[in-house]
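As structure tokens, the structure follows; a few thoughts come after it.
The values are calculated or read from the model by the stated rules, or taken from the named source; none is laboratory data. The shown structure was predicted, so the numbers you read here are calculated from the model rather than taken from an experiment. Positions of Cβ are generated from backbone atoms using ideal geometry, with glycine treated the same way; all protein chains shown enter the neighbour counts.
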There are 2 protein chains.
Amino acid sequence: MKWEDLSDQPCSISRALAVIGDRWTLMILRDCFLGVRRFEVFQRRLGVSRTIVTDRLRVLVDEGVLRRVAYQDKPVRHEYRLTEKGLDLHPVVMAIAHFGDSHYADAAGPPVLRRHKGCGCDFHPVQVCSECGETVTARQVEARAAPGFPEP
Amino acid sequence: MKWEDLSDQPCSISRALAVIGDRWTLMILRDCFLGVRRFEVFQRRLGVSRTIVTDRLRVLVDEGVLRRVAYQDKPVRHEYRLTEKGLDLHPVVMAIAHFGDSHYADAAGPPVLRRHKGCGCDFHPVQVCSECGETVTARQVEARAAPGFPEP
């Protein structure tokens, strides 16, 4: 399988990774969720080539994860904002951050703290079942092909 | 910044992506959570070179996400099993799957359904605050540097 074929697989993980699974793309999305919007800032923070940033932003715009918006007229300058679809990636970024906090924090603790404005507390994300509200762990999940799953 | 430098950043997302953020690695983890354990099966399912599979599995073993276990004596054969640390990646994989289900499902619906054994229902994951239990969205999260965050 080529990387480009991922989006054709009958698997939502493959299809999502076809969009966000490339090196640097999730780093760009991390920055989007920290409020970064401008090309130069993405590039400076990541310290990678213009080509890499251009290419990743283009894919994210093409896929509707980001939208490109003019913020200045003369000369025209654009910035990149998360769309509603892009905001749906928040649980992905938070889950990655929490894994990093749990396993790669320094002795002093995680480098970044996150506060939930709703309750005012520093928090970490917990994944629960949409139906019963209980915490979900890997051992409690059973995956099966849906009725429409293509025949091999 | 080089990809190899990600693990030195004062950011849990960078450090996590240094381990899981490479092309194919999250696809291998997807298969781990579906119960795949053997090299040949990973390779056949992904249809990529032995080198890619070998390299990704090695990193995941080195990082303690998978452990390599002999399942046969003569000749010795190994399989790859998720460790407790590896199981901590479940929310990441589930969040990616849910994003894919939400935005890349066919007209017939998501190709794979997931049942929560706890309540018996097909479900999707919801991310809630560890402190108050309410659903967390991007707009409700405020990130700040922790006291131990390195000076620039």
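Laid out as a table, the results:
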| read-out | value |
| --- | --- |
| Residue within the stretch A:95-107 that is touching a strand residue (DSSP E or B) at 6+ places or on another chain (Cβ under 9 Å) and hydroxyl-bearing (Ser, Thr, Tyr) present | no |
| Positions within the stretch A:118-134 being surrounded by 13 or more Cβ atoms within 10 Å (Cβ to Cβ), under 28 Å from residue B:14 (Cα atoms) and out of contact with any Phe, Trp or Tyr (no Cβ under 7 Å at 6 or more places or on another chain), in sequence order | A:118, A:119, A:121, A:122, A:123, A:124, A:125, A:126, A:127, A:128 |
| Sole exception among (1) closer than 30 Å to residue A:112 by Cβ; (2) within 7 Å of chain A (Cβ to nearest Cβ); (3) assigned to a loop (DSSP other than H, G, I, E, B); (4) of a type outside the set (Phe, Trp, Tyr) for residue B:119, by number | (1) |
| Pairs with Cβ under 8 Å, 6+ apart, first in the stretch A:33-46 and within 20 Å of residue B:139 (Cβ to Cβ), second part of a helix (DSSP H, G or I) | A:33/A:90; A:33/A:93; A:33/B:138; A:36/A:42; A:36/A:45 |
| Hey, residue B:66 more than 10 Å from every other protein chain (Cβ to nearest Cβ) and touching a residue at least 12 places away in the same chain (Cβ under 8 Å) or not | yes |
| Failed item in (1) more than 18 Å from residue B:17 (Cα to Cα); (2) at pLDDT 95 or above; (3) not small (Gly, Ala, Ser), with residue A:90 passing the rest | (1) |
| Top-ranked residue of the stretch A:7-37 - restricted to ones that are aliphatic (A, V, I, L, M) and part of a loop (DSSP other than H, G, I, E, B), ranked as nearest to residue B:21 (Cα to Cα) | A:34 |
| Residues of the stretch A:18-40 satisfying the condition of being more than 10 Å from chain B (Cβ to nearest Cβ) and closer than 24 Å to residue A:115 by Cα | A:28, A:36, A:37 |
| Qualifying residue in the stretch A:68-77 (condition: of a type in the set (Ser, Thr, Tyr) and surrounded by fewer than 20 Cβ atoms within 10 Å (Cβ to Cβ)) | yes |
| The lone exception for residue B:86 - which of (1) facing another protein chain (nearest Cβ under 10 Å); (2) in a strand (DSSP E or B); (3) among the small types (Gly, Ala, Ser) it fails | (2) |
| Selected residue (only one of B:4, B:40 is farther than 26 Å from residue A:53 by Cα and either assigned to a helix (DSSP H, G or I) or not hydroxyl-bearing (Ser, Thr, Tyr) (or both)) | B:40 |
| Residue within the stretch A:84-91 that is over 20 Å from residue B:25 (Cα atoms) and over 13 Å from the mean Cα position of the chain (by Cα) present | no |
| Counted residues, the stretch A:78-103 - those being farther than 29 Å from residue A:122 by Cβ and either surrounded by fewer than 16 Cβ atoms within 10 Å (Cβ to Cβ) or free of Cβ contacts under 8 Å to residues at least 40 places away in the same chain (or both) | 1 |
